[in-house]
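Below: one structure, written as structure tokens.
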Amino acid sequence: MEFKTIIEPFKIKMVEPIKMTTIEDRKTFLKNAHYNTFLLNSDQVLIDFLTDSGTSAMSAEQWAGIMRGDESYAGASSFHNMRNAISDLTGMEFIFPTHQGRAGERILYSLLGGKGKTFISNTHFDTTRANIEFSGAEAIDIPIPEGLNPMEYHPFKGNLDIIKLEKLILEKGAENIGAVVLTVTNNSGGGQPVSMANAKAVSAICKKHQVKLFLDCCRVAENSYFVKEREEEYKNHTCKAIAQELFSLCDGGVMSAKKDALVNMGGFLALRDKELSEACKNMLIITEGFTTYGGLSGRDMEALAIGLVEVFDEDYLKYRIRSTAYLGERLHKMGVPLIWPIGGHAVYIDAKALYPNIPVHQYPGQALVCQLYELGGIRSCEIGSVMFGKYDENDKLIPAAMELVRLAIPRRVYTQSHIEFVIEVFEKILATKNSAYGIKIVEEPKFLRHFTSKFEKI
């Protein structure tokens, strides 16, 4: 029997207090943080939707694994447990632990990148793009057209445009393509899934032109659930079997385990090619640590190995996807413009449509981020022209394709009551949207400016 209420498939065993604040408190906190919610202290936040990375609640079994963690410098049993779990999932021989996903990206893309190289993706995420561009290479996004239209329905809006892919490879020259990076789910594109059919087509094109294909796989379990639900061919497959098939199409994978491995810290790089793996191993030892810990403690590796098993529990995945959709569906019914259909790990608000009175050069996404915090103590993340905007030769803003605000929901952390509170805050957002203020940047770094930029109200 199906019920309307989505219950958590777990019990709460330990709690952490939330410090309550007033609107006046939050206005002061936000001003002192230069209108950048990354610069707030965590005890100033009521509901933290800034990211789902490293913010999950671990299970009793993971905490037990932490107590069993082997902290040996070399050859720790916890590394072997982690390697076995990753190898079983990816089918790849060469496994390197890293302290988080961007460390794996830096190692891989610094070796494959450099001036004159091009990387192609359905959408590069912020750290991926930064590591690629830092090497001197260029990063090009080619999502399908539906992926850039917030309210147009498509079951797999995270797909990569295969027609553009082939054209780009021919235009740039296969020898100049550092790699194709398939991000599952497509985070910057609204947490939208990639179909198995699209992944197979991308893989076939890469093989045809002898171009490497890598999976940005931090949310591969969530993506696999969507494949099971929306591709008829896979309805009787387990989500883990679907993930294993996705990996079989690729030359390697980079994972921030802080997402679908349900841990607070960790990542890995998995490869098939021995020669590339030797180069990565050398870089790992120089910059991260020995090959059997790579910047992680034994307890982190133990928890990661357990998390990679737990995340494929289908009761958990059903709860995860449906509870995220519940928030998005309620907001949609209220008239909040957003990315549709709802993705796996987050709800993405279309700030440009919500605030038509705020021009893109006044960053409507960052304006909504500030309003959500001031009115309800909700911390969120702009994924728009603050994160991805660039400047032309005259220092004029070249805006991002969309002006989004991501409500990234930590795994196994918040209850139904928290989500109902968020819905109430959006009622206030809608009631006060005509008085929302624009934002200007007064200080910014060269890369990943959304993390540390300082803003002012307009």
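The values are calculated or read from the model by the stated rules, or taken from the named source; none is laboratory data. Since the structure is predicted, the reported quantities are computational estimates derived from the model, not experimental observations. Here the Cβ is made from the backbone with ideal geometry for all residues, glycine too, and neighbour counts use every protein chain on show. Ligands, DNA and RNA are excluded from the accessible area calculation, which covers all protein heavy atoms including side chains. Shrake-Rupley method; radii C 1.70, N 1.55, O 1.52, S 1.80 Å.
Numerical summary
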| quantity | calculated |
| --- | --- |
| Residue within region 272-284 that is open to solvent by 10 Å² or more (accessible area, probe 1.4 Å) and assigned to a loop (DSSP other than H, G, I, E, B) present | yes |
| Residue ranges of strands (runs of 3 or more DSSP E) in region 110-186 with at least 1 members open to solvent by less than 20 Å² (accessible area, probe 1.4 Å) and free of Cβ contacts under 8 Å to residues at least 60 places away in the same chain | 138-141 |
| Filter result for M265 (over 13 Å from M92 (Cα atoms), modelled with pLDDT of 95 or more and either part of a loop (DSSP other than H, G, I, E, B) or open to solvent by 20 Å² or more (accessible area, probe 1.4 Å) (or both)) | yes |
| Residue satisfying all of: in region 295-352; open to solvent by 10 Å² or more (accessible area, probe 1.4 Å) and hydroxyl-bearing (S, T, Y); farthest from V263 (Cα to Cα) among these | Y326 |
| Candidate set from region 99-130 (those that are over 17 Å from the mean Cα position of the chain (by Cα) and of a type in the set (S, T, Y)); member that is nearest to L170 (Cα to Cα) | T118 |
| Subset of region 429-458 (residues that are of a type in the set (D, E, K, R) and open to solvent by less than 80 Å² (accessible area, probe 1.4 Å)) | K433, E444, R449, K454 |
| Among residues of region 13-51, those that are exposed (fewer than 10 other Cβ atoms within 10 Å of the Cβ), of a type in the set (A, V, I, L, M, F, W, C) and closer than 28 Å to I321 by Cα, counted | 2 |
| Output for region 52-89, where each listed residue is open to solvent by less than 60 Å² (accessible area, probe 1.4 Å) and acidic (D, E) | D52, D70 |
| Residue in region 68-76 that is touching a Lys or Arg at 6+ places or on another chain (Cβ under 7 Å) and not aliphatic (A, V, I, L, M) present | yes |
| Region 383-424: number of residues that are surrounded by fewer than 18 Cβ atoms within 10 Å (Cβ to Cβ), touching a Gly at 6+ places or on another chain (Cβ under 8 Å) and touching a residue at least 40 places away in the same chain (Cβ under 8 Å) | 2 |
